[in-house]
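See structure below.
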Amino acid sequence: MSTVSENINEVECLVSGKVGCKYAVVLSAGTVALHMAVKLVGVAPGDKVIAV
């Protein structure tokens, strides 16, 4: 799914309603989601992250 679609806001609203949360963000790839996740939890340069 492209994140520049004309209907992307509608897709995000539908997804958030389906899973029962206030907001949803559509991203272009799983790697982008992982980058966003580590930023949101406060991982900083020099921190060690273990992925299993």
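Some values worked out for this structure:
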{"item": "Any hit, segment 35-43, residues being among the charged types (D, E, K, R), without any contact (Cβ under 8 Å) to a residue 40 or more places away in the chain and assigned to a loop (DSSP other than H, G, I, E, B)", "result": "no"}
{"item": "Matching residues, segment 16-52, being among the aliphatic types (A, V, I, L, M), surrounded by 10 or more Cβ atoms within 10 Å (Cβ to Cβ) and at pLDDT 95 or above", "result": "Val43"}
{"item": "Residue list for segment 1-15, restricted to those being open to solvent by 90 Å² or more (accessible area, probe 1.4 Å) and in contact (Cβ under 8 Å) with a residue 24 or more places away in the chain", "result": "Met1"}
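The values are calculated or read from the model by the stated rules, or taken from the named source; none is laboratory data. Everything numeric here is computed off the predicted structure, so don't read it as measured data. For neighbour counting, all protein chains shown are included, and Cβ atoms are generated from backbone atoms with ideal geometry for every residue, glycine included. Keep in mind that these areas ignore ligands, DNA and RNA; they rest on the heavy atoms of the full protein, side chains included. Shrake-Rupley method; radii C 1.70, N 1.55, O 1.52, S 1.80 Å.
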